[in-house]
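Worksheet: the structure to be examined is printed underneath.
The values are calculated or read from the model by the stated rules, or taken from the named source; none is laboratory data. Nothing here was measured: the structure is a model prediction, and the numbers come from that model. Heads up, the Cβs are rebuilt from the backbone with ideal geometry, glycines too, and the neighbour counts pull from every protein chain shown. Note: accessible area is taken over every heavy atom of the protein model, side chains too, but ligands, DNA and RNA are not part of it. Shrake-Rupley method; radii C 1.70, N 1.55, O 1.52, S 1.80 Å.
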Amino acid sequence: MAHLTFLFFLISTLFLSSQAKLHLQPSRNQEESFTSILVSQQGLDFIKDLLINKAISSIIPLQLPATIEKSARIPFLGNVHMVISNVTIYKIDVLSSFVKPGNTGIAIVASGTTCNLTMNWHYSYSSWLVPIEISDGGRASVQVEGMEVGLTLGLEKHEGTLKLSLMDCGCYVEEITIKLDGGVSWLYQGMINAFEEQIGSAVENAITNKLKDGILKLDSFLQSLPKEIPVDDNASLNVSFVENPLLSSSSIEFDINGLFTAKEKVQIPKHYRQTWQPSVFCSDQSKMLGISLDEAVFNSASALYYDAEFMEWIVDKVPDQALLNTAGWRFIIPQLYKKYPNDDMNLNVSLSSPPLIRISEHNIGATVYADVIIDVVEAGQVIPVACISLEIRGSGSVKIVGNNLGGSVKMDDLAMSLKWSQIGNLRMYLIQPVMWTLVQTVVIPYANSYLGKGFPLPIIHGFTLQNAEITLSSSKVTVCSDVAYSESHNLNQLGISFE
């Protein structure tokens with residue numbers, strides 16, 4: 001029955017109530033949590049069904065520690081001593097099971113469970129009729145039927161991770177059938193049946209103790225969960241828990257920080273705004289998993305990479321290479337060509353502030369402020385000649401790439417102004433088409449090459465999103481998905497063993 005504890009492990013490590021449309025009220029902490037993750041009843045049932053088979057195989061064979069002995073005085077035979085040893089559970093079948101979150105904890109019940117056991121039996125007796133001890137022994141098979149196992153778990157936030165506690169646990173055996181093999185087993189079948197109560201108690205105790213041991217190991221494991229998920233060499237995703245899990249009658253919601261943080265522990269400016277705590281809303285209530293990300297998550301990434309000076313680069317190659325020679329600008333900026341005839345050029349592009357991202361029900365909007373310095377390369381010397389400020393307004397889309405949330409952007413509008421010039425006044429209306437072309441053919445593809453890879457969603461290794469749907473609402477993106485499990489991943493790789 002240790003499979004029941006595996007269930008809660010997966011729930012918690014997925015990092016992820018249900019009324020008619022899987023809608024939750026906003027969570028309690030508005031200042032620290034920017035990502036809400038929900039596991040619906042369908043998700044709980046999926047994990048349960050998967051883990052029952054996986055976890056049973058991890059605990060059998062389970063040998064009961066007790067050796068059961070019994071003595072009796074039988075007329076004409078004298079004193080009879082009977083011993084049962086090496087009682088081993090080698091098969092477990094679960095007819096039905098369910099998991100039910102509630103206000104006080106999470107109840108997990110398996111009913112109609114059957115167990116198959118093997119054991120050694122031995123008896124000996126001496127009688128005044130026979131001066132020597134007589135003994136016999138053999139093997140026996142045991143069928144345990146109608147067993148019910150139940151436990152109630154408590155879960156709370158503890159220093160950014162989860163603490164698991166066992167609030168209640170029990171196992172009840174309804175019926176036991178014993179069949180002897182070996183020796184003159186038919187003669188002793190009635191006597192051996194007297195062990196049914198002791199065997200039932202031993203099974204109940206063994207499974208209960210196994211559950212308790214498993215909960216202790218799970219608690220230790222949950223508290224060792226990482227608080228950050230690496231994104232690349234520069235950034236991580238803060239996945240520390242900020243509130244106790246929110247339990248409803250049919251789902252569990254987890255609130256995590258969800259913001260991007262620098263791997264080097266430096267303070268970065270918070271260019272993002274903190275909005276109302278996101279909740280999870282899936283129009284399709286059959287989806288197993290829902291993940292809601294506030295726009296602050298995206299703006300935290302923007303602020304981090306801006307602060308790390310990753311949003312500046314030199315453009316020295318473009319599809320129309322003639323644009324990087326002063327001859328290509330002779331009709332656009334005549335004074336440039338006149339002062340530097342037929343010289344190579346490059347464009348020094350840098351963002352003047354982090355891109356600002358806004359999410360609405362209809363689209364994802366982004367505003368980017370950038371400075372473009374026009375450089376002339378003459379005799380190996382780079383000469384800045386002018387700086388143009390750009391205000392780029394674009395819109396974006398998001399998509400699922402494996403377990404990552406990727407996306408792309410396109411430009412909707414471009415405004416520009418002259419910031420400074422070493423070559424006199426510039427006719428901005430002539431330069432604007434060129435800048436538009438450069439942004440469309442250089443800047444946007446460059447940005448999309450990174451955005452297309454995406455960043456990881458909090459999904460445990462070995463599980464993948466399937467048939468995911470993305471919806472936009474005011475200030476947040478929500479991913480609603482089913483989950484598939486790869487058989488190539490062994491549950492023991494997750495770091496938990498009940499052996």
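Here are the numbers for the structure shown:
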item: Residues being touching a Leu at 6+ places or on another chain (Cβ under 8 Å) and closer than 30 Å to Pro334 by Cβ - total across the stretch 430-461; result: 7
item: Residue match in the stretch 205-214 (condition: assigned to a loop (DSSP other than H, G, I, E, B), open to solvent by less than 60 Å² (accessible area, probe 1.4 Å), closer than 23 Å to Ile47 by Cα and at pLDDT 80 or above); result: no
item: Hey, Gly170 at positive phi and either modelled with pLDDT of 85 or more or out of contact with any Phe, Trp or Tyr (no Cβ under 6 Å at 6 or more places or on another chain) (or both) or not; result: no
item: Subset of the stretch 363-401 (residues that are in a loop (DSSP other than H, G, I, E, B) and in contact with a strand residue (DSSP E or B) (Cβ under 7 Å, 6 or more places away or on another chain)); result: Asn363
item: Tally, over the stretch 166-183, of residues that are touching an Asp or Glu at 6+ places or on another chain (Cβ under 7 Å), in a strand (DSSP E or B) and open to solvent by less than 30 Å² (accessible area, probe 1.4 Å); result: 3
item: Those residues of the stretch 485-499 which are exposed (fewer than 15 other Cβ atoms within 10 Å of the Cβ) and modelled with pLDDT of 70 or more, in sequence order; result: Ser486
item: Qualifying residues in the stretch 142-163 (those that are touching a helix residue (DSSP H, G or I) at 6+ places or on another chain (Cβ under 9 Å) and more than 25 Å from Ile89 (Cβ to Cβ)) - the one most open to solvent (accessible area, probe 1.4 Å); result: Glu159
item: Residue that is modelled with pLDDT of 90 or more, open to solvent by 50 Å² or more (accessible area, probe 1.4 Å) and either farther than 30 Å from Ile332 by Cα or in contact with a Lys or Arg (Cβ under 8 Å, 6 or more places away or on another chain) (or both), where the choices are Thr464, Thr471; result: Thr471
item: Output for the stretch 294-315, where each listed residue is of a type in the set (Asp, Glu), in a helix (DSSP H, G or I) and open to solvent by 10 Å² or more (accessible area, probe 1.4 Å); result: Asp307
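Residues checked against (1) assigned to a strand (DSSP E or B); (2) touching a Phe, Trp or Tyr at 6+ places or on another chain (Cβ under 7 Å); (3) of a type in the set (Gly, Ala, Ser); (4) at pLDDT 85 or above:
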site: Tyr123; (1), (2), (3), (4): yes, yes, no, no
site: Ser126; (1), (2), (3), (4): yes, no, yes, no
site: Ile132; (1), (2), (3), (4): yes, no, no, no
site: Asp136; (1), (2), (3), (4): yes, yes, no, no
site: Arg139; (1), (2), (3), (4): yes, no, no, no
site: Glu145; (1), (2), (3), (4): yes, no, no, yes
site: Gly150; (1), (2), (3), (4): yes, no, yes, yes
site: Leu155; (1), (2), (3), (4): yes, no, no, yes
site: Leu164; (1), (2), (3), (4): yes, yes, no, yes
